[in-house]
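Worksheet for the structure shown next.
The values are calculated or read from the model by the stated rules, or taken from the named source; none is laboratory data. All figures in this text were calculated on a predicted structure; none of them were measured in a lab. For neighbour counting, all protein chains shown are included, and Cβ atoms are generated from backbone atoms with ideal geometry for every residue, glycine included.
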Amino acid sequence: MSYVAIADQHAHMHDPQTFLTRYVWSQDHKVIAIQYMVTAMAIGLVAIGLSMMMRLQLGFPDTFHFINPANYHQFVTMHGMIMVVYLLTALFLGGFGNYLIPLMCGARDMVFPYLNMVSYWVYLLAVLVLVASFFVPGGSTGAGWTLYPPQAILTGTPGAGWGIILMLVSLAFFIVGFTMGGLNYVVTVLQARTRGMTLMRMPLSVWGIFMATILALLAFPALLVSAIMMALDNQLGTSFFMPAIMSLGEQTGHKGGSPLLFQHLFWFFGHPEVYIVALPAFGIVSDLISVHARRHIFGYRMMVWAIVAIGVLSFVVWAHHMYVSGMNPYFGFFFATTTLIIAIPTALKVYNWVLTLWRGDVHLTVPMLFAIGFVFTFINGGLTGLFLGNVTVDVPLSDTYFVIAHFHMVMGVSPVLVVCGAIYHWYPKMTGRMTSEVLGKLHFWLTFVGTYAIFLPMHYLGILGLPRRYYEMGDTYFLPDSVQSMNAAISVAALFVAASQLIFLFNLAWSLKHGKPADGNPWRATTLEWQTPETPPRHGNWGPELPVVYRWAYEFGAPGHKEDFVPQNEAPDGRVPATHGQASHG
Amino acid sequence: MNITVAAVALVAGIYVWWLAVRRLTTKPWEAQGTYDGRDTAQMAGPAAARIGLWVFLAVATSFFALFITAYLMRMNPEAVKGVDLRDWRPVADPAILWVTTALLVAGSCGMQLASWALRRGDFQRARAGMLAGGLFAIAFLAGQWLAWRQLQAAGYYAAGNPANAFFYVLTGLHGLHLLGGLFVWGRAASRMYQGSTAGDSTRLSVELCTVYWHYLLLVWLVLFGLLLIT
Amino acid sequence: MQPEYKKLEWWLIGLTTVGVAAMLAPGLVVWAKFVTVPDDAAVVEAVGQQWSWSFRLPGEDGVLGAIDATLIGADNPFGMDANDPRGQDDVLVFGPELHLPLDKPVKVLLRSKDVLHNFTVPQFRVKMDTVPGMVTFMWLTPTRTGEFEILCEELCGMGHFAMRSRVVVDDADTYQAWLANQRTYAQLTARPAADLVAGATAYSVCSACHGINAEGNQALNAPKLAGLPKWYLTRQVHNFQDGMRGGAPGNDIAIQMSAIVEPLDETTIDNVVAYIATLPDKAAHSTIRGDAAAGASSYITCAYCHGAAGQGSWSTNAPPLAGMSDWYLARQLQQFREGHRGRHPQDLHGAQMARLSRVVPEGKQTDDLLAYINTLR
């Protein structure tokens, strides 16, 4: 069987000519990546807006009368769902996965470019259906992002008619779109690496995204399965999840279904989802720290093994979200143990980041600030995770602000810090221009300090027992009055943090035209994406010849070299085949 | 969830084993400057499509395994303590399912014959096998549709009983997967009937369709067995 | 500049493992206690529904009677199986409080009539979801007396935040006194049928203000009663008698009403309420003008309990609003907002409405809302 490796079919991959084929119906992974990023950030802005609504209500109850309890639950639900699925998953895998995998592996594109393009358009459709659910009668669903039945499809919950159906349809589209993209990411990593790019020479970013994609491919079907069954319960009156119950005084006619079955399925998706977001963040932050500390990542092999171990373990911890769900309480022993075991490889990663910084030549660039901010925040979120994973400690804390504080630290703020750092880091490659460092630092400090002002007090509120998902606490026996003052302060901090994201957006937009021109490798990094012949890389990435990799991705400060770093594609005799370092601005 | 965990563990196990084979223990910093020819893929094209299909089958396996887990958890009173499960009334599986199973087996055989024939270079026979594989699959779907009609006529409505609902859902989703396969099959078959030799992409399509047909046969046998014994 | 330092990394892994194990082990030991209910634990059942709690005690035989979720209805809110002899002596507590004896371990069985809820008393440090279709449990030993708030901690729909109730931990004597005041299932079902003739006679007192057909009279501050369900009227009469309404200064009209209903006994209340149910339900005149279209969006919140058509619902303890005296609704909203109604510690349903009354501000928005309710008749 004779064939030409697609990675070398440069002649067949003519640059698309028209604006439409170049930027809209593009099959170029870099364009698709940016499409994903822009869409995800746009819908993410909606989610930030929703969180501001929530904070207005919580900080100043009885003040904003356009927020009623039903709206409030809709804001909570859509904020959570958008942030977890439509922003973070799409941004890390669809955005950074698309951009970095081919460039870092030395491929010309994804192996199935057409599928890749369809993947984005299906994702966009999912986002549009999601947005449409705000405008249907009854509004979007207010069942919480976990969409637990029976309430999700009963009239006591906002959006129980159109809202929940559109939510499920949107999720189904998302999963289908993601599966198309995910096949690409996995097969590209497996099949399209350039010569010399062994698995153990891959940058950790690729490792994190690769493992996260595998998790997502295996976990998202659980969400699809539960969405299908819930839609049938709603539309056909089946009883998969619906037991014999009444809804506001009337019998529903359902019989025998198991609400816990849904929860098992949901969290079988939901827990790996945490790592679907976290693993790419782990990988990217490893690379940021290494480059900006001018030092090899400490314990590369352990870092890879830890990613693999976390990925595998993440499938056997799901029921730690269900300690108080009414499932057989004996499950608690098993899941508490597995949950705390997963802390070990995770802790190892933290040690290795710190040990990389140790005696490194730390450059406090904007990406580095975000990376260090991530390590801080992740340690914080990880430690509270030990509280919540330990079943006995979890029981009083579950469903309180402590949980909110924990998961916002660990999978809200931490990944978002990485996203920001990564965008500042790769922006020069994507656009050929540097972002403004002053604005970047301002953005970092406001975000970092601001998020602590938001979420640190929430730990305390949770320990006091303030329940989550409450429209208002009102008068109560057991909470001091200062709780309300603290909530007001949190809301003010949240407004500041939200506003500081505008600085970020302004910086990105402004730098597009006015940023300092960047050369091909402004951070003097070793990985392949910085060694492209043009910046931004053209369609096909590499010019006539693919790069050949001779070394691992973390060769810093090696003796006998002119610079303090050695690109992966520099031959042992010092020859670099591709002419890197040229900038093309346009 | 045991079955799902087992399935995922299996996939994960294969994956980890494969990684281990790829010598995840090499120290990349020591291998500087050398070029390890064995571990470079450079094999996009057909190999990528093959691997892509296998990855997709892993996803589909996760999907069906989760459905089967849900089926067993919903049915089995031990799995969820305290739930009122007196409502499970098994479906009387229509006899026509045996016929459709035979049709699906025949479809798989047709595909396999087509693959073998192509490998031998016997284009005529490959065309015939391909046609048979697709037509049997279409007949299978028609048979499944008949089975649905029979169940409806016998009063087994989806809302009536979880066993009925699962029957429709499982057969329906399996059928949808087959429909997707038939789409690819249709494109490949029409190419084969337009030309007189098989190009690389046609060969690949036949090969991938064969794998997919076998996979869906396997899934159907598992589902059918599950429906029969419960 | 070693790329890795095996010894250090293994040490770190080892120490982390020890640390994690040291945290996990005590946790698991305590969890073993959590899952093992003491043999001498008394049994109490807490039943969640949108958006209130009710409770059931096993009575003298110490065993809870059988229930069936499909039997739940306005006449049988617990879904009791009437044929089960073990259920006859079950004590049914419709709220507002559950009492528990001090220092006695208690196993709380949890069930739900509709959706997932979570039975939480923050001070108990244990909580568990109530799951429809199954019975979950938790156990505890109250160690000090006092009143503790019950919260729902599983998002259960619009009224989630307002689903409050109370646990009172008593010393043994106080507990027995409370228990003696509660009714069993048998007692509740053995109430004699209402006597409409006696009810008509007794109603003559009421008719002076509320009108011959209970149509209400704004000049006398007497709202329309026809069309209100029996459970609502009965509860309000009791509220007036027990001082939950009209028991505190600030509302002269309510004080007046509580003085009038003071002497009524249970049988008379049953009879009067049954008689009022026979009166024709004619929609009251609208007296409030507003923009009904604008009020529709405010009514979204109300509809969750009072129904989309303002028809009311026994399960949410919400009276009908459609066709009732709008000026009275306006005044009650005012009373709720200002704390004259719904502040009494025993009036949990009132407290719920008081929380929700603040969702709609007074002034134009309330007028619009009432104008919208007037279109529902």
Quick check on the stretch C:58-69. Is at least one of its residues away from chain A (no Cβ under 12 Å) and under 22 Å from C:Ala318 (Cβ atoms)?
no
Residue tally, condition of a type in the set (Phe, Trp, Tyr) and over 20 Å from the mean Cα position of the chain (by Cα), over the stretch A:122-152:
3
Index of the failed condition, A:Asp361 passing every other in (1) in a helix (DSSP H, G or I); (2) surrounded by fewer than 21 Cβ atoms within 10 Å (Cβ to Cβ); (3) within 14 Å of chain C (Cβ to nearest Cβ); (4) not basic (Lys, Arg)
(1)
Only residues in the stretch B:114-137 that are in the same structural domain as B:Leu103 (by TED's automatic domain parsing) count as the first member; pair them with residues that are surrounded by 17 or more Cβ atoms within 10 Å (Cβ to Cβ) and basic (Lys, Arg), Cβ under 8 angstrom, at least 6 apart or cross-chain, and list the lot.
B:Ala114/B:Arg127; B:Leu118/B:Arg203
What helices (runs of 4 or more DSSP H), lying completely within the stretch A:46-160, carry at least 2 residues that are within 11 Å of chain C (Cβ to nearest Cβ) and among the polar types (S, T, N, Q)?
A:69-81
Taking the stretch C:93-141 and keeping only residues that are of a type in the set (D, E, K, R) and either within 21 Å of the chain's Cα centre (by Cα) or facing another protein chain (nearest Cβ under 7 Å) (or both), one is left with C:Glu97, C:Arg111, C:Lys113, C:Asp114, C:Arg125, C:Lys127, C:Asp129
Regarding A:Phe478, is this residue within 14 Å of another protein chain (Cβ to nearest Cβ) and either closer than 30 Å to C:Phe124 by Cβ or among the polar types (S, T, N, Q) (or both)?
yes
Here the residues within the stretch C:91-119 that are farther than 23 Å from A:Leu260 by Cα and part of a loop (DSSP other than H, G, I, E, B) are C:Phe94, C:Gly95, C:Pro96, C:Leu102, C:Asp103, C:Lys104, C:Pro105
Answer yes or no: is there a residue in the stretch A:284-304 that is under 30 Å from A:Asp399 (Cα atoms) and at pLDDT 90 or above.
no
Restricting the first residue to the stretch C:257-270 and requiring it to be under 19 Å from C:Trp231 (Cβ atoms), which pairs with a second residue that is among the polar types (S, T, N, Q) meet a Cβ separation below 7 Å and a spacing of at least six or different chains?
C:Val261/C:Gln241; C:Ile269/C:Thr234
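Does A:Asn328 satisfy being polar (S, T, N, Q) and touching a residue at least 24 places away in the same chain (Cβ under 8 Å)?
When the stated conditions are applied, A:Asn328 does not pass them.
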Enumerate the pairs (first residue in the stretch A:222-238 and at the interface with chain B (Cβ under 7 Å from one of its Cβ atoms) and in contact (Cβ under 8 Å) with a residue 12 or more places away in the chain; second residue anywhere and in a helix (DSSP H, G or I) and β-branched (Val, Ile, Thr)) with beta-carbon separation below 6 Å, excluding pairs fewer than 6 apart on the same chain, so at least 6 apart or on different chains.
A:Leu224/A:Ile175
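Scan the stretch C:84-92 and tell me whether some residue there is β-branched (Val, Ile, Thr) and more than 10 Å from chain A (Cβ to nearest Cβ). Can you show your working first?
Within the stretch C:84-92, the first condition is being β-branched (Val, Ile, Thr), and the residues that meet it are C:91.
Of the ones still in play, those that are also more than 10 Å from chain A (Cβ to nearest Cβ) are C:91.
Within the stretch C:84-92, one or more residues are β-branched (Val, Ile, Thr) and more than 10 Å from chain A (Cβ to nearest Cβ).
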Do we have any residue at all in the stretch C:14-36 that's touching a residue at least 24 places away in the same chain (Cβ under 8 Å), not basic (Lys, Arg) and not assigned by TED's automatic domain parsing to the domain that holds C:Ser313?
yes
